[in-house]
Structure formats: C-alpha cells, structure tokens
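To keep things clear, I will list the structure first and then write my remarks on it.
The values are calculated or read from the model by the stated rules, or taken from the named source; none is laboratory data. None of these values were measured; they are calculated from a predicted model. Using ideal geometry, Cβ is built from the backbone for each residue, glycine included, and neighbour counts are taken over all protein chains shown.
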Amino acid sequence: MKQIIDQIVSSRNLTLEQLVGLLSSNNQEGVRYLFDQAHQLTRHIYGNKIFIRGLIEISNHCKNDCLYCGIRRSRTDVHRYRLTEEEILQCCQQGYELGFRTFVLQGGEDPWYTDERMCHIVASIHQQFPDCAITLSLGERSRQSYQRLFDAGADRYLLRHETADRIHYQKLHPAEMSFDNRIRCLKDLKEIGYQVGCGFMVGSPYQTFETLYQDLQFIRSLQPQMVGIGPFIPASGTPFGDRPTGSVDTTLRLLAIIRLIHPHVLLPATTALGTLHPQGREMGILAGANVIMPNLSPARLRANYSIYDNKLSTGAEAAETVDDTRRRLTPLGVDIPADRGDYTPSQTSDSQ
Ligand code: SAM
C-alpha cells in the first residue's frame with residue numbers, strides 16, 4: 001500500500017484499481033501512512049494554519065427537490081425562514097469580532113434573492129468588511145447572475161457537482177434538474193474568476209467505486225480551488241430517508257486522496273463529518289483537511305437548516321465557540337489565524 005501511495009504522491013493521479021485498493025484495504029498501517037502523507041503535504045503548503053469560514057445559512061427555502069436533501073421543496077414539515085440584509089450583516093459583524101475573515105452565504109435555491117437583492121447584500125458586506133472574503137453557495141444561477149455577483153464583490157463560490165457520473169446524477173435528482181447545467185455553472189464560475197469549490201457526498205445512494213473515480217478525475221480536470229466532501233446522512237421525510245449513512249472512514253480516506261492528487265486545494269473537514277463523529281474534524285485535519293466552517297447563523301434559526309437528521313450547529317460547530325475550537329486543536333500543533341485563507345496557487349499546474 002505504501003508503494004501505491006508513493007506513486008500517487010509523485011504522479012498526482014491514481015488508477016481505478018488503486019482507488020478500490022485504498023478504499024477497501026484493512027491494512028491499518030497503510031491507512032495511517034495515507035493520512036500522514038496527506039497531512040504532511042498540507043503542512044508543507046499551508047504551514048500549520050487551519051482556516052476558518054463563518055457559515056451563514058441565509059435561507060432554507062428551496063425551489064429544488066433533490067432526493068437526498070432535508071430542505072427539498074416537497075418537505076412540508078420544515079419551518080422555512082430567510083434572513084434579511086440587516087440580519088446577514090449582523091452575523092458578519094459578530095463573526096468579524098470573533099476573528100472570521102471569510103463569510104460563506106449559503107442557502108437553498110430561493111428566488112427571493114434576486115440578483116438585485118443579492119448584489120446589494122454582497123456590496124454592503126464588501127463595503128463594511130473590506131478585508132474579508134465573500135463566498136457564495138446559492139446553487140445554480142445564470143452566467144450573467146454569477147458575473148453580477150462577482151462584480152458586486154463576491155470572491156468565491158461553492159457548488160458541489162454532487163457526482164461526476166451523469167446516470168448517478170439523474171438518480172439523485174428529479175428529472176427537471178440537469179447534470180449539464182450543474183457542470184455549466186462550475187465552468188462559468190471558473191471563467192468569471194471566482195475561486196471555485198466543487199464536491200460530493202460520500203456514500204450517497206447508488207454511489208460506486210466507479211462513480212467516485214469519476215469524481216476524482218473531474219477534480220483533476222476542473223482544478224477547483226476548494227473541494228467539499230462529507231458523508232451522506234439520511235434526512236427523514238425524503239425519498240432517501242432510510243438509506244445507510246456514509247462512512248466516516250471512507251470520507252477520511254477520500255480527503256487524503258484528494259489532497260494527494262490536488263495538493264493546493266482548500267479542503268474542509270465538514271459539519272457532516274463532525275456530526276457523525278465527536279472527533280470528526282480533528283480526524284479530518286489529520287487526513288489532509290485544512291478548513292473548518294463553524295456556524296454563524298442566528299442561533300434561534302439553526303435547527304431549521306436541517307439538510308440531514310441531527311445536523312450539528314452547537315458545540316464545536318458553533319462560531320461563538322471558536323476560541324474553544326482553537327484550544328481543542330492546539331494539541332494537533334495547528335493555528336487558526338484571523339485571515340482570509342486564500343488559495344495558494346502552485347508554481348506549476350497541480351495536475352502535472
Ligand atoms: N443550494 C445550494 C447548492 O445546491 O449548492 C447550497 C445548499 S445545499 C443544501 C449544500 C450541500 O448539502 C449540497 O451540495 C449537498 O451535497 C449537501 N447535502 C444535502 N443533503 C445532504 C445529506 N442528506 N447528507 C449530506 N449532505 C447533504
């Protein structure tokens with residue numbers, strides 16, 4: 001296994017057979033070597049810094065009906081909310097005082113946030129917090145809309161591709177959603193000049209080694225600045241509410257593999273990982289993750305952004321406890337600076 005991992009480090013690529021081997025191996029020493037190589041590579045590029053992003057869940061209204069998602073349109077038992085510009089700015093102010101220099105505005109696809117409203121919100125944050133990065137994660141929009149938001153001051157955009165396999169995509173989404181449009185969005189965002197994040201759930205229904213391999217090859221070709229992956233967690237009241245939960249161990253192995261094939265990527269240890277394991281974030285960092293995204297949404301509304309069951313939004317996942325998080329991560333020898341935590345490009349292409 002060590003030999004395969006060394007090969008991946010030097011070629012920044014792997015074969016399907018190697019992926020299957022790495023994900024199915026019971027060789028604990030080999031798995032530790034995989035995590036160590038990924039963690040060391042992260043430290044080589046980003047030093048001992050772990051970047052924090054303040055996550056503001058601006059709306060749980062969604063016009064989409066993704067089969068896996070707890071805030072999908074057809075769930076009628078969800079208490080829906082949306083934040084006003086003033087409330088969003090209050091979250092940013094609180095986050096700024098806590099040391100956050102990136103704000104991530106995430107939400108369901110909510111048409112209430114027209115380009116006009118959204119550009120106003122982005123421009124106000126940009127004006128009031130000029131030393132902060134603004135990340136958006138608002139789903140699929142037109143190229144013109146992405147351009148307007150970029151011109152208003154947005155720096156980054158997170159849009160998980162969900163799966164790079166067209167047939168798999170169709171099994172996770174209703175017929176009116178299109179794989180081609182998802183990929184079109186990611187390409188547009190990159191061309192416009194955003195720092196772009198793609199990603200997928202680990203253990204989503206119908207996922208196979210082959211679809212995961214396509215995900216990794218998609219990452220190699222897109223060369224995103226960020227990749228968000230986390231275990232699939234069933235959400236009750238959805239068509240996949242009784243499907244098995246994704247594996248923490250497989251998620252950690254995939255984090256490490258993504259670090260090895262795309263070394264400079266900004267890679268969060270996601271809330272879903274923290275939800276499934278009390279040490280999920282620490283384990284993610286030791287497997288190559290270098291970003292955490294504590295929740296900065298108004299505390300009274302957090303429980304409503306329930307994209308899966310038992311989603312954590314308190315304790316280590318809450319922005320207000322970031323000082324505790326700092327202390328908890330000290331034994332790992334990492335530091336959480338109050339800085340934007342931008343992508344550091346490599347001198348040569350990461351894909352070689
Ligand atoms: N609407 C935006 C979009 O589509 O990109 C952002 C919000 S969406 C809820 C954010 C991400 O949550 C999705 O890309 C999906 O991967 C993840 N997600 C949704 N349901 C999930 C589940 N049951 N388990 C784990 N992750 C889930």
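Going by what's in this entry, would residue 143 be described as surrounded by fewer than 23 Cβ atoms within 10 Å (Cβ to Cβ), among the basic types (Lys, Arg) and in contact (Cβ under 8 Å) with a residue 40 or more places away in the chain? It is true that residue 143 is surrounded by fewer than 23 Cβ atoms within 10 Å (Cβ to Cβ), among the basic types (Lys, Arg) and in contact (Cβ under 8 Å) with a residue 40 or more places away in the chain.
Residues in the stretch 223-239 that are aliphatic (A, V, I, L, M) and either more than 7 Å from the ligand (Cβ to nearest atom) or assigned to a strand (DSSP E or B) (or both): 226, 227, 229. Of all residues in the stretch 240-264, those being within 12 Å of the ligand (Cβ to nearest atom), over 20 Å from residue 295 (Cβ atoms) and within 16 Å of the chain's Cα centre (by Cα) number 1.
Annotation for the stretch 317-339: at least one member residue is among the acidic types (Asp, Glu), in contact with a strand residue (DSSP E or B) (Cβ under 7 Å, 6 or more places away or on another chain) and more than 16 Å from the ligand (Cβ to nearest atom). Residues in the stretch 265-284: is at least one surrounded by fewer than 24 Cβ atoms within 10 Å (Cβ to Cβ), more than 26 Å from residue 46 (Cβ to Cβ) and under 16 Å from the mean Cα position of the chain (by Cα)? No: the stretch 265-284 contains no residue that is surrounded by fewer than 24 Cβ atoms within 10 Å (Cβ to Cβ), more than 26 Å from residue 46 (Cβ to Cβ) and under 16 Å from the mean Cα position of the chain (by Cα). In the set (1) under 23 Å from residue 185 (Cα atoms); (2) crowded, with 20+ Cβ neighbours inside 10 Å, the condition left unmet by residue 253 is number (1).
Would you say residue 29 is more than 30 Å from residue 172 (Cβ to Cβ) and touching a His at 6+ places or on another chain (Cβ under 8 Å)? No.
Answer yes or no as to whether residue 249 is farther than 30 Å from residue 74 by Cα and charged (D, E, K, R). It is true that residue 249 is farther than 30 Å from residue 74 by Cα and charged (D, E, K, R). Restricting 45, 4, 88 to residues that are part of a helix (DSSP H, G or I), over 28 Å from residue 313 (Cα atoms) and under 23 Å from the mean Cα position of the chain (by Cα) narrows the list to 45. Scanning the stretch 158-182 for residues that are within 10 Å of the ligand (Cβ to nearest atom) and either small (Gly, Ala, Ser) or free of Cβ contacts under 8 Å to residues at least 24 places away in the same chain (or both) gives no hits.
The residue of the stretch 183-222 that is nearest to residue 163 (Cα to Cα), among those that are of a type in the set (A, V, I, L, M) and within 11 Å of the ligand (Cβ to nearest atom), is 201.
Number of residues in the stretch 284-312 that are under 30 Å from residue 29 (Cβ atoms) and either β-branched (Val, Ile, Thr) or more than 15 Å from the ligand (Cβ to nearest atom) (or both) equals 8. Pairing residues of the stretch 304-322 that are over 19 Å from residue 99 (Cβ atoms) and at pLDDT 85 or above with residues that are away from the ligand (no atom under 14 Å from the Cβ) and of a type outside the set (A, V, I, L, M), at Cβ distances under 8 Å and at least 6 apart in sequence or on separate chains, gives 304/79; 304/81.
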